[in-house]
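Everything on this sheet refers to the single structure shown next.
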Number of protein chains: 2
Amino acid sequence: MKTETTIHGLAASLHPARSARKLIGFVPTMGNLHEGHLNLVREAKNLCDIVVVSIFVNPTQFGPNEDFDNYPRTLEQDSHLLADVGCDIIFAPTVEQLYPKPQVKTKVLVSGVTDMLCGHSRPGHFDGVALIVTKLLNIVQPSYAFFGQKDFQQVVVVKQLVHDLNMPLEIIAVPTTRSADGLALSSRNGYLTAEQRQIAPTIYQSLLAAETQLHDGIALADVLETLKHTLCHAGFEIDYVSAYTPDLEHLTQFDQDVVLFVAAKLGETRLIDNLKVKFIAT
Amino acid sequence: MKTETTIHGLAASLHPARSARKLIGFVPTMGNLHEGHLNLVREAKNLCDIVVVSIFVNPTQFGPNEDFDNYPRTLEQDSHLLADVGCDIIFAPTVEQLYPKPQVKTKVLVSGVTDMLCGHSRPGHFDGVALIVTKLLNIVQPSYAFFGQKDFQQVVVVKQLVHDLNMPLEIIAVPTTRSADGLALSSRNGYLTAEQRQIAPTIYQSLLAAETQLHDGIALADVLETLKHTLCHAGFEIDYVSAYTPDLEHLTQFDQDVVLFVAAKLGETRLIDNLKVKFIAT
């Protein structure tokens, strides 16, 4: 496994694979890796000849009051984990490599699918995501890029921009990896106190309960109300509890597949999760 | 020479060249080709193994009161011209191929270098250019793409976005092709009446006169005033007469290389031209 810190170095490392027309798989991450990330890499290894994992805490997707400065940087530990799952190349550039002076003047903006949910709660977040993903995809030029479904809206945004800009690759969405108690794995789980960590699985448990209620015929609006109430009662400060179609279109009734979305804070830590509920015509 | 009208067809046509890792050159055009375009193709043939020319009148770069509907479409004539200069593949997609329904939701916006000149006169023009160029570059995936320096600002915008988005190719700017009387070749010259066509070369002639004045030590502001006056007097309605550095930075004195820019209308026809004037330290 090689580690490259410059665009030029990565290009040189990938040159033999590209010349041999090998399938390149790409997993973009912000590091501080957990089993969720490693499952993305395993999926990439299954489908591709060469797997590149980027580790880059992207400043442009953090808001001014968010955790960019404190976001955990654990490159040495990440390297060991990636070596164990067969990653071929780590791309760990500096901020200056990707945002050189004097200034990046180009923005990639995806409208529609960025208006709601985290796009609404974190203004500018998906502009930063769209820019860095476009840059990284152009640098790595993979055939497949792998994203976790925990960040459901991010997957929709990235698929939209890849489609709209005719980027020559396919985005693969990989199911969320969870702890035994259901908590979606996230680097931000590391911020939780022991007590908060006990409460955190309530998100997924209440999403499962909501699924059952929908299948039992309870109205969508009522199900969302119950979900909110359960989370408030457990000690969460709710950012949003919402339902959209898998394409992030609005919907008011459970008359097609629906995705339930939760973003909620425990203390200072913001957690997100989602669950796709299949519509079964009766 | 092949003509492809779909993204899929173009990919199939390019597959053998791509597999053989041949150098692909790309010349994006809006058709109605003249010697200026053909010189871009010749330049591409010099540098590359395979040359793709796109012919697409891009709706998103025209303003609501501009000439999108009337822009000349002359595919058959263009095909003959391209065959003669050795073009390998024409890509002539429909609007639906590049802007499929329901909607392209992604924008590529380049700031700074789009604020002035045509960016100011034609709001949204460079947003449309940036989007279509990004799409076409991703579809063709060339090693080199060729643009005419007549559209100087367009070249700066395209180079900026290719740099900022880390697109894996090089932009080649090709000098403006001119008639014997100096008029920069442009599809829009075809709109001119015989009388207007006699007046049109005044743009380039007055740019050359301005160059001489600058080298004679006349102040930049005075040179620009004279240029405006000459054009008004010849019957032009001036859109802008301005000077910037080659990177489109502001400047007030001729103390470095300067590019003089003109956009002016004869009747309904808007013509643009520019001249780079070398600074020679004395």
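Read-outs throughout are calculated quantities, based only on the coordinates presented, and are distinct from any laboratory measurement. Worth saying up front: this structure is predicted, and the values here are computed from it rather than measured. Glycine gets a Cβ as well: all are built from the backbone with ideal geometry, and neighbour counts include every protein chain shown.
Could you give the angle, 0 to 90 degrees to the nearest 10, between helix A:75-84's Cα long axis and the longest principal axis of the Cα atoms of chain A?
90 degrees
Relative to the first principal axis of the alpha-carbon coordinates of chain A, what is the inclination of helix A:220-234, with its axis defined by its Cα atoms, in degrees from 0 to 90 and to the nearest 10?
80 degrees
Against the 2.2 N^0.38 Å scaling, with N counting residues, where does the protein assembly as shown land? I'd like the Cα-based Rg ratio to two decimal places.
Normalised by 2.2 N^0.38 Å, the Cα Rg of the protein assembly as shown equals 1.12.
A:P123: net charge of surrounding residues, Cβ under 15 Å, Lys/Arg +1, Asp/Glu -1, itself excluded?
Result for the neighbourhood of A:P123: -1.
Could you tell me the distance between the Cα centroids of region B:50-125 and region A:215-238, to the nearest Å?
Their Cα centres are 50 Å away from one another.
Could you tally the net charge around B:Q97, taking each other residue with its Cβ under 14 Å from the Cβ of B:Q97, Lys/Arg +1 and Asp/Glu -1?
-1
Which net charge results when you count Lys and Arg as +1 and Asp and Glu as -1 among the other residues whose beta-carbon is under 13 Å from that of B:P175?
Net local charge, B:P175 excluded: 0.
With springs connecting C-alpha atoms under 10 Å apart, model chain B as a Gaussian network and identify which of B:A173, B:A219, B:A264 has the largest mean-square fluctuation.
Maximum among the listed residues: B:A219.
Using +1 at the Cβ of each Lys and Arg and -1 at the Cβ of each Asp and Glu in region A:145-262, identify which of A:S187, A:G235, A:A219 lies farthest towards the dipole's positive end.
Of the options given, the answer is A:S187.
With each run of n ≥ 4 DSSP H residues scored as -39500 (n - 2.57), what mean residue ellipticity at 222 nm is computed for chain B after dividing by its residue count and rounding to the nearest 500 deg cm²/dmol?
-11500 deg cm²/dmol
Based on the Cα coordinates of region A:2-174, what is the per residue volume of their convex hull in Å³?
In region A:2-174, the Cα convex hull volume per residue is 114 Å³.
For peptide B:133-143, compute the average count of partner chain beta-carbon atoms within 10 Å of each residue's beta-carbon.
Going residue by residue through B:133-143 and averaging, the value is 3.
So for region B:187-273, Kirkwood radius off the Cα pairs, Stokes-Einstein at 20 °C and 1.002 mPa s: how many µm² s⁻¹?
Estimated via Stokes-Einstein, D reaches 160 µm²/s.
Mind putting together the pair-distance distribution for region B:100-149? All Cα pairs, 5 Å bins, whole percent per bin, short to long.
Per 5 Å bin, starting at zero, the Cα-Cα P(r) for region B:100-149 comes out as 4, 17, 22, 24, 19, 11, 3, 0 percent.
So, with +1 on the Cβ of K and R and -1 on the Cβ of D and E, and no other charges, what is the size of the charge dipole of chain B about its Cα centre, to the nearest 20 debye?
The dipole magnitude comes to about 880 debye.
Most fluctuating residue of B:P28, B:P168, B:P16 in a GNM of chain B with Cα springs under 10 Å: which is it?
Largest GNM mean-square fluctuation: B:P16.
Restricting the count to DSSP beta bridges whose residues both fall in chain A, what percent are antiparallel, rounded to a multiple of 5?
50 percent
For helix B:202-215, what angle does its Cα long axis make with the longest principal axis of chain B, in degrees from 0 to 90 and rounded to 10?
Rounded to the nearest ten degrees, it is 60.
Starting from a label point 7 Å past Cα on the Cβ side, list the distances from B:N65 to the same position in the other copies, nm, shortest first.
Nearest to farthest, the other copies are at 4.4 nm.
Using 7 Å Cα-to-Cβ label points, what is the A:E96/B:A194 separation (nm, one decimal)?
Spacing of the two 7 Å Cα→Cβ label points: 6.5 nm.
What Kirkwood hydrodynamic radius do you get for region B:122-226 when you take the inverse of the mean 1/r over all pairs of distinct Cα atoms, in Å?
16.4 Å
Let me confirm one metric for peptide B:98-106, namely the mean number of other chain beta-carbon atoms within 10 Å of its residues' beta-carbons.
5
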